[in-house]
């Protein structure tokens, strides 16, 4: 009986040790990928980078690509690239190039998104009605 028990215990211990090593390796790889994804990408990596090179090799600001970028970051999250887009917009005085309707529409949408994160009693008039991105605010009770 003792002759059979030794190899069985060895196999169980070896199996558990191997599983623990594989689990730890997978955990570390997943943690690395999550940190890398949370860090975000540079704005240059997106196809709507708001600068185009003209025939004299000078960069020219493109308002259309800037608007595409704003729309993308209102729907998707990438803090690094969004921060870079805001900085580029401020440098190029985009606020003065946008028409009033587009600017107020974007502001209204952002304010509704922020209001959805607040408690109902702090939302003000931005908490009224559905959010234009298709998500509705459902206050917690």
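The values are calculated or read from the model by the stated rules, or taken from the named source; none is laboratory data. A quick note: this is a predicted structure, and the numbers were derived from the prediction, not measured. Cβ sites come from the backbone with ideal geometry, for glycine too, and all protein chains shown count toward neighbours.
A few points about this structure:
- So residue 37, is it under 30 Å from residue 89 (Cβ atoms) and in contact with a helix residue (DSSP H, G or I) (Cβ under 9 Å, 6 or more places away or on another chain): no
- Hits in the range 59-84 (condition: more than 21 Å from residue 112 (Cβ to Cβ) and in contact (Cβ under 8 Å) with a residue 40 or more places away in the chain): 80, 81, 84
- Residue in the range 41-56 that is modelled with pLDDT of 85 or more and on the phi > 0 side of the Ramachandran plot present: no
- The set of residues in the range 96-141 that are under 20 Å from residue 66 (Cβ atoms), at pLDDT 75 or above and touching a helix residue (DSSP H, G or I) at 6+ places or on another chain (Cβ under 7 Å) comprises 97, 109.
- Whichever residue in the range 85-120 is free of Cβ contacts under 8 Å to residues at least 12 places away in the same chain and under 14 Å from residue 49 (Cα atoms) and, among such residues, is surrounded by the most Cβ atoms within 10 Å (Cβ to Cβ): 86
- Filtered residue count, the range 56-70, keeping only those that are in contact with a helix residue (DSSP H, G or I) (Cβ under 9 Å, 6 or more places away or on another chain) and part of a helix (DSSP H, G or I): 5
- So residue 3, is it assigned to a helix (DSSP H, G or I) and exposed (fewer than 10 other Cβ atoms within 10 Å of the Cβ): yes
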